[in-house]
Amino acid sequence: MTPKYRVLTCLVMLAAVSGFAGCGKKKVASLPDTPPPIAAPAPTAQLTATPTTITAGDQVVLSWRTTDATNISIDGVGDVPSSGVKTVTPTTSTSYHLVARGDGGSADATTRVTVNAVQVAVAVPQDSSASTMSADEMFRANVQDIFFDYDAYDVRADAASALSKAAAYLASNSGVKVLIGGYCDERGSNEYNLTLGQSRANSVKQALVQAGIAESRLRVVSYGKEKPFCAESTEECWQQNRRAGFTIDR
Amino acid sequence: MTGTPLLSAQQDWVRTGSNLADQRIRLAAADFKPVGADPQTPLLKASFDATLMSDLANAGIFDMVSKSLMPTATPGAPAEINLATWAATPANASMVAFGALSTTNGRLSVYGWVFDAKNPGSPQVLGKQYNELANQDNARMVAHRFADEIIARLGGGVNGICETKLYFVSARTGSKEIWVMDYDGQNQHIVTRLGSISLSPRVSPDNSRLAFSSIGKEGWTIRMFSLELGRPVNFPGGVAGGSNLSPAWSGDGTKVAFSSSRSGDPEIWVADASGANLRKLTAFHGPDVSPTWNPRTNSQIAWVSGRTGLPQIYVMDQDGGNIVRMTDGGYAISPSWSPSGQFLAFSWNRKYGPGAPGGQDIYVMDIASLKWIQLTHDAGSNDFPSWSPDGRHLVFERTVGGHTEIWTMLADGTEQHELTHSGKNFMPNWSWK
């Protein structure tokens, strides 16, 4: 799916939301003599963050779902569609507050993310060498998963910081080769998801190549929905599984 | 006529095209008569009787007389049958299958007949004799053979499917391996032992080789397993980098189409059955996967493409030209081309999207008219339909509450039966004969 298509999808969704709102108002305004419509149902709202505790610099996936609301916003994020997901990177502990307003009233939901300061691993020195993170730990701290929208394999704008961090790490560790794995959520066919995972891993590879990493250091493999990170049928889990993950290619 | 007119009208074309006659033959399958006192006989007879009854009931062309309505006498030979009692109420049989079964010196012997109950002057329609080593597998096999004879004779010459096999993926050993079972779910055996993930089994039209996709050090490759040699054989075209997925045999067994991302983007490629003479058919940005040949002409391929966003079903000529989009939206995957060339079966979620929990269901589309009919309703998530060689049945996978199992149904969506019951079993493929 191209970025253009995604923008189009958003526009369609926004149009749908505002369209419903317009219809509701128009009905009331243009038919003043008819009996008042049955009271609109009260909105409902759910908001979750995954994970709820992170280390500064890590990503959190916000996922929300509302019903019977025409106007939905999240403090600090702005207006949002009636349901969706967004990746955020809070630097300090943050409470995310969602308000859903509709003809039947309003509802809100709150979720809190605890952000711990980056801790430089200080192990008790066993010998004379300086204690640092192991190569694997350094890799994991710097080269982190890239998340994707559903049925999409273009790299999202919010992945830019993770990608540039990964590129910077790989640029200064020129001996490290990387295996990029493409993953999908459980929905849809095994076969189609394997091609989707391939395209996700490939998109990330191309982004790193554009950032100056040699193509020969980057290998891609698709896991489709064969090796899920989590197994729940929820949007939170699906978002966790729609990703490109990195391992050192030895 | 029963049912709503709309539903009947919709089902008419699919029933006609899949040889499912509206008027089913009223058939009685009598319990076979045990002959002799060999201790093996009762158990073999129980397997034979149950298999024959189930095969004929599964065929989709018979109205089976329930055992409780049959005459109590068990005829073991033409001289022993009183046809009038079978033709009369309550059995009202048009045809009667009956016979005798015995075991002697470790050999199973079966005599079977089909008589036309409405033609007492010259009743014999079929008479068959079988002799095999006496064991449970052979008792079932003989029943399958006799059932296929009956189905071919009474079902307009279309061969039955009782001796066909279903290949599928099972995770029951911990790794995802290819398995095989009889068409009725009996006799399940593991085929591959690669210890990794093997998917998309597709058996060759002559039942000699099995193509599938497996992940290893080189990523996903198309692999070949010789069912005659019982071991993997080379398929050089399926190994060249990128993900190589979802193989599909042409109906004449000379070519294999599959998806490969060796050139960057996942596209449909075709190789000879030897794995040589590779060429790329599609060239459009977006995933292309899950090809299936028109098995009647071998001149067209249907497949899944995400070139416009959500995956849709397309059809093209075998040289990659003349592309036609078949589905008008939603999330359409896993096409299977019917043996007659007339239909595509596939999995479709017509309301796919965020916040739209539509069902993933099996559909059949008439290719010429683009008319379609939904076969599964409100029962889990359904995928990977595969046609039986007689065109009357489909096998598919259904996931309910996190459990994926293999099911069959008639091509009009009726008579859905679960074939596997434990472990994760999925991606079924019906053998060609």
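Is it possible to state the helix-based mean residue ellipticity at 222 nm for chain B, with each DSSP H run of 4+ residues giving -39500 (n - 2.57), the sum divided by total residues, to the nearest 500 deg cm²/dmol? What is it?
Mean residue ellipticity at 222 nm (helix-derived): -4000 deg cm²/dmol.
Send over the Kirkwood Rh of segment B:343-433, from the inverse of the averaged 1/r over different Cα pairs, rounded to one decimal Å.
Hydrodynamic radius (Kirkwood, Cα pairs) of segment B:343-433 is 13.5 Å.
Say a paramagnetic label sat at a point 7 Å from the Cα of residue B:159, along Cα to Cβ; which residues of segment B:114-130 have their backbone N under 15 Å from it?
Hits in segment B:114-130 for residue B:159 at 15 Å: none.
Between helix B:136-154 and chain B, what is the angle of the helix's C-alpha long axis to the longest principal axis, kept within 0 to 90° and rounded to the nearest 10?
Relative to chain B, helix B:136-154 is tipped by roughly 90 degrees.
How many Cβ atoms of partner chains, on average, are near each residue of A:215-225 if near means within 10 Å of its Cβ? Don't skip to the end; give the middle numbers.
Working: counts 0, 0, 0, 0, 2, 5, 7, 8, 4, 6, 0.
Per residue, the number of nearby Cβ atoms from other chains is 3 on average.
Could you tell me the total accessible area buried at the B-A interface, probe 1.4 Å, in square angstrom to the nearest hundred? Walk me through the intermediate numbers first.
Numbers: alone 17950 and 14190 Å², together 29690 Å².
About 2500 Å² of accessible surface is lost on pairing.
By DSSP, what percent of the beta bridges with both residues in segment A:135-248 are antiparallel, rounded to the nearest 5?
55 percent
May I ask which of B:176/B:371; B:67/B:433; B:280/B:433; B:118/B:165; B:67/B:165; B:255/B:351 have a Cα-Cα span longer than 32 Å here?
Table pairs above 32 Å Cα-Cα are B:176/B:371; B:118/B:165; B:255/B:351.
Say a paramagnetic label sat at a point 7 Å from the Cα of residue B:226, along Cα to Cβ; which residues of segment B:233-250 have their backbone N under 17 Å from it?
B:233-237
Please report the base-10 log of the normalised intensity I(q)/I(0) for segment A:135-248, using a Debye sum with one equal scatterer per alpha carbon and no solvent, at each q in 0.22 (1/Å).
Debye output, listed in q order: -1.17.
How much of the accessible area of the protein assembly as shown, in percent, comes from carbon and sulfur atoms when a 1.4 Å probe is used?
54 percent
First measure r as the distance between the Cβ atoms of residue A:234 and residue B:369, then evaluate 1/(1 + (r/R0)^6) with R0 = 51 Å and state the FRET efficiency to the nearest 0.05.
Details: r = 40 Å, r/R0 = 0.79.
With R0 = 51 Å, the Cβ-Cβ based efficiency is 0.80.
Pairing the Cα long axis of helix B:41-58 with the longest principal axis of chain B, what angle in degrees results, from 0 to 90 and rounded to the nearest 10?
60 degrees
In the P(r) worked out for segment B:165-430, what percent of Cα pairs fall beyond 33 Å?
Summing the P(r) of segment B:165-430 above 33 Å gives 13 percent of all pairs.
By how many nm would the segment from residue B:299 to residue B:188 lengthen if fully extended, with 0.36 nm per residue of separation less the alpha-carbon distance?
Result for the pair: 36.5 nm of gain on full extension.
Report which residues of segment B:236-255 become buried by 30 Å² or more of accessible surface when going from the isolated chain to the complete set of protein chains (1.4 Å probe; DNA, RNA and ligands ignored).
With the partner chains in place, segment B:236-255 has these residues losing at least 30 Å²: B:243, B:245.
What FRET efficiency comes out for residue B:16 versus residue B:129 if R0 is 41 angstrom and r is the Cβ-Cβ distance? Round to the nearest 0.05.
0.70
Can you tell me the accessible area per residue over the protein assembly as shown, all protein chains present, probe 1.4 angstrom, in square angstrom? Before the final figure, lay out each step's value.
Values: 29690 Å² over 683 residues.
Averaged over the residues of the protein assembly as shown, the accessible area is 43 Å².
Could you check the spin-label model distance between residue B:137 and residue A:89? Points 7 Å from the Cα along Cα→Cβ, value in nm.
Result: 6.1 nm between the two label points.
Once all Cα-Cα distances of the protein assembly as shown are split into 10 Å bins that start at 0, what whole-number percent is in each one?
Taking every Cα pair in the protein assembly as shown, the percentages come to 3, 13, 20, 21, 17, 12, 8, 5, 1, 0, 0.
Relative to the isolated chain, which residues of segment A:171-193 have their accessible area cut by 30 Å² or more in the presence of all protein chains (1.4 Å probe, heavy atoms, no ligands or nucleic acids)?
A:187, A:188, A:189, A:190, A:191, A:192
Would you mind pulling out the separation of the Cα centroids of segment A:200-231 and segment B:266-345, in Å?
If we compute the Cα centre of each part, the gap is 26 Å.
The values are calculated or read from the model by the stated rules, or taken from the named source; none is laboratory data. Please read all numbers here as calculations on a predicted model, not as lab measurements. All Cβ positions, glycine included, derive from the backbone under ideal geometry; neighbour counts span all protein chains shown. Note: areas computed on protein heavy atoms with side chains; ligands, DNA, RNA excluded. Shrake-Rupley method; radii C 1.70, N 1.55, O 1.52, S 1.80 Å.
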